[in-house]
């Protein structure tokens, strides 16, 4: 009996739960790691490490965080058996831990010091190598508090290459699906396909879980469908290569998917995935088989392709290969043809008929995103191909709409690719400079007239795993005799091999001598004889726009160093990339001071910003003096300078918004639109158009680009003249006006706590020395994204911020007819003069008049016939008007003689009409603060006001919670109440009362209510006005209930940027999280009846 599992077994009835009982054969000692996402009574994450023959386990309620400053509670729970680490399924109701279990991440862990000692002492430091989590982590035990039954630990991420900043995506939201099958939690719950029983282990899922399938297509109704048995496999139809897509009518065009071609054979509720050769690869694509089996068919044969997509939704062949090697990944099946359905052979039917049936089937049965229909477009093929190329896609497949399905290579299917690919013989390899047991580059050849001739080299596309696998295959074949004559390879230290291994290479074009250009490794080809690899006689140089030949401007050390390991992009690959796009990037970075992000070990290791010279820097990168910096900064002027940055492993180039010659005079403004968590991409697109529209109102043109991260940059060229302060002030005013008018969408505050669900409009990048990533610069992020200029008609759902990468951007640029930023560099436009901007805290009289006219009916119910305290604005000063000489009183504004608190005679103004409101506008009144009594009973208040004013660090949810508690307290006093947003930071609770108290009595009553509530949590509330006591606390303000004391009135504008208003709302609206500045004079509160 395994004693560590006694507690685990004691909590479970294995006759009811499918979980493993841990009584199987003992497994050899290992270092497995797994996180299981557990949707039990509450969703949590179970973190497990293999130690001493069991899985030591911690329940992490909020899940792991990649942000080093975030400490996540991890409650130590009972040990689990090792086989539990592979369990993904459903624990039935009534069993311990009932709910759905997902294998969210899995891999191995390596302790940094003795694991047993660290576990006993309460501090485990270890490195994770999971599919999702990597790098160094800590588990630290906290002291157990009285009455606690379980040890509480903290799970903490170390600051290393795998860590993220707080403004980067949360990995739990970014990668929510299973690492084992790619399914989401709901799909696992529906499938119930993992069942364990005590003593037997995993068995087949019970038949009663199978869902009935109601057919949605009647195959007999499809023209030319023939009754026939379901074939075991059909030789696939293969497209013929073509240089141009057909433009004639009768053709449809599909995106060419960069994946593996398969046939899905569905029968008896099961699906098999068959390769082009008829091999069963179902197990190699986990999650796809069950998803296909759920389609509403009895039998079917579907032709399609399996891909793995990047975060940007772009298919990645490299990611697919890696997923196949690891046995897991986010596989997606795209179906594009239907060959057989429910006892009918459909191959003689037309293509459009087959596809029409297929789209209905997939739409009715594929609800988890794992099975998708490959859409097609009718029209001019050349235009469609051009658009696909500009998106960086692999190409298109054009198909004759009326054609039947025919096996083998046909002319009714044509493929047109943006790049070329083909098999090449490996003649030698250059060892990696990082790992001597891996390849850094391959020397390639093809047969011409029976002789092996050089075809060039490939140094990109190798992941760490396939670089090592190639070395293992090639090293035993080493020979001293070169199988071909390649003098450049000899100079690079090539290791010649017997020409037996064949690889698939993608390349952009060929030189005049037949050498391939911009080559990328795709995969090893195991089923092709090297002697059969011959150069196509038609292979010839391909013209390309803005093409440069690679010239040895800079010698790269360690050219095989992997900079983006998952994409296999090396230092040489980055140099080739910048060589190819030099004419595009140089106009935006050349001749400017640069801040550079260097990653000497690639993105998997520590990166750092550098803006001053370093040792070994050569002349192609020049030094430039800038103001307020004792050390020179750096600038480049040409391709040689760019390649020198590559040599230094610079992965991001951030240029100043001014030139090195005129550093004090900016010539561009950048608005960085940075979405917080939960912001949909369409909102970011709309924000970019919002910025553009605001600039157009000043007759300013702007341009847009992706950031390569999460957002968009709107960039405005500027004629040098205004200094940095003026430029930043203009950007700030634009950002703050957007945030004030749409506080539900935008913030202009960089504090991360206010960005949730909103877009941060970052104007700070427009100060001297501040930078934003440059156009066409790569990003030091997974995926090797590139910040890419777009035309305004391109931004939308199809292109996300990280859509374009080192791999696909050159394809786009080669097919652009014009620069998306055409005219950017020659545009001469000037910053609007200061006189064209109103005071950012004061609305115009026209705007105020329009606002008051629209809300007068509702506003007068709260403001009419009450003495008023007014906030006015004159001569650049905003002030309370008491104690100052009154200006001329317009019609509709009345005067009320009163006795002030000091006994002196005074006057208060009051209104009772729209004319009065507009009269206050003429008096330059911005804010209106009414008394809590009417002019008819001035000494008898009829309104109780209790303010909730949060100090710094107080969450809005706590303000709402307190408002609801105050409402309950007033109900106990038999008082109804309603909330009013202040237009500032807080809320007023308004309670109408009978006018039977005097001012002193009301003030004492309000104070007692505030103090009663504060007494429930003294550490969180304060009832005194002193600001130095409010930090981190909520001020319960009872002061407005004294004579002459006021709170801002309902519907009153506030003298704040963006012109928010104090808005009465319903309790339901407040409970939904409505913010205090939700309404502005440009977005007024709706009338009460509309709520």
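The values are calculated or read from the model by the stated rules, or taken from the named source; none is laboratory data. Source: prediction; values computed, not measured. Reconstructed Cβ throughout: ideal geometry from the backbone, glycine too, with neighbour counts over all protein chains shown.
A few notes on this one:
- Conditions (1) in a loop (DSSP other than H, G, I, E, B); (2) crowded, with 17+ Cβ neighbours inside 10 Å; (3) at pLDDT below 90: number failed by residue 41: (2)
Residue by residue, here is whether (1) more than 30 Å from residue 721 (Cβ to Cβ); (2) modelled with pLDDT under 95; (3) part of a helix (DSSP H, G or I) holds:
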| residue | (1), (2), (3) |
| --- | --- |
| 659 | no, yes, no |
| 662 | no, yes, no |
| 665 | no, yes, no |
| 672 | no, no, no |
| 695 | no, yes, yes |
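- Set 900, 940: member being within 30 Å of residue 876 (Cβ to Cβ) and either out of contact with any helix residue (DSSP H, G or I) (no Cβ under 8 Å at 6 or more places or on another chain) or without any contact (Cβ under 8 Å) to a residue 40 or more places away in the chain (or both): 900
- Checking 640, 687 one by one, the residue that is part of a helix (DSSP H, G or I) and more than 32 Å from the chain's Cα centre (by Cα) is 640 and no other.
- Count - residues of the stretch 213-270 that are touching a helix residue (DSSP H, G or I) at 6+ places or on another chain (Cβ under 7 Å), within 24 Å of residue 332 (Cα to Cα) and assigned to a loop (DSSP other than H, G, I, E, B): 5
- Within the stretch 60-74, considering residues that are within 20 Å of residue 41 (Cα to Cα) and surrounded by fewer than 17 Cβ atoms within 10 Å (Cβ to Cβ), the one nearest to the chain's Cα centre (by Cα): 62
- For residue 605, the criteria (1) touching a strand residue (DSSP E or B) at 6+ places or on another chain (Cβ under 9 Å); (2) surrounded by fewer than 19 Cβ atoms within 10 Å (Cβ to Cβ); (3) in a loop (DSSP other than H, G, I, E, B) hold in every case but one, which is (1).
- The set of residues in the stretch 340-374 that are under 40 Å from the mean Cα position of the chain (by Cα), surrounded by 23 or more Cβ atoms within 10 Å (Cβ to Cβ) and part of a loop (DSSP other than H, G, I, E, B) contains only 370.
- When residues of the stretch 922-949 are limited to those that are buried (at least 22 other Cβ atoms within 10 Å of the Cβ) and more than 20 Å from residue 987 (Cα to Cα), the one nearest to the chain's Cα centre (by Cα): 925
- Flag for residue 286 being in contact (Cβ under 8 Å) with a residue 12 or more places away in the chain, farther than 22 Å from residue 360 by Cα and in contact with a helix residue (DSSP H, G or I) (Cβ under 6 Å, 6 or more places away or on another chain): no
- Condition met for residue 704 (in contact with a strand residue (DSSP E or B) (Cβ under 9 Å, 6 or more places away or on another chain) and not in a strand (DSSP E or B)): no
- Filter pass, residue 377 being touching a helix residue (DSSP H, G or I) at 6+ places or on another chain (Cβ under 6 Å), outside the structural domain of residue 471 (by TED's automatic domain parsing) and either under 30 Å from residue 785 (Cα atoms) or buried (at least 18 other Cβ atoms within 10 Å of the Cβ) (or both): yes
- Failed item, numbered, when residue 719 is tested on (1) surrounded by fewer than 23 Cβ atoms within 10 Å (Cβ to Cβ); (2) in a loop (DSSP other than H, G, I, E, B); (3) under 23 Å from the mean Cα position of the chain (by Cα); (4) in contact (Cβ under 8 Å) with a residue 40 or more places away in the chain: (3)
- Residue ID - nearest to residue 467 (Cα to Cα), chosen from residues in the stretch 405-422 that are crowded, with 18+ Cβ neighbours inside 10 Å and over 35 Å from the mean Cα position of the chain (by Cα): 414
- The requirement of being surrounded by 21 or more Cβ atoms within 10 Å (Cβ to Cβ), at pLDDT 95 or above and assigned to a loop (DSSP other than H, G, I, E, B) is not satisfied by residue 20.
- Test: residue 476 is outside the structural domain of residue 398 (by TED's automatic domain parsing) and assigned to a loop (DSSP other than H, G, I, E, B): no
- Matching strands (runs of 3 or more DSSP E) fully within the stretch 49-147 where at least 3 residues are out of contact with any helix residue (DSSP H, G or I) (no Cβ under 9 Å at 6 or more places or on another chain): 54-60, 71-80, 99-111, 123-130, 134-141
- Some residue of the stretch 950-959 being within 20 Å of residue 1041 (Cα to Cα), in contact with a strand residue (DSSP E or B) (Cβ under 9 Å, 6 or more places away or on another chain), surrounded by fewer than 22 Cβ atoms within 10 Å (Cβ to Cβ) and in the same structural domain as residue 1067 (by TED's automatic domain parsing): yes
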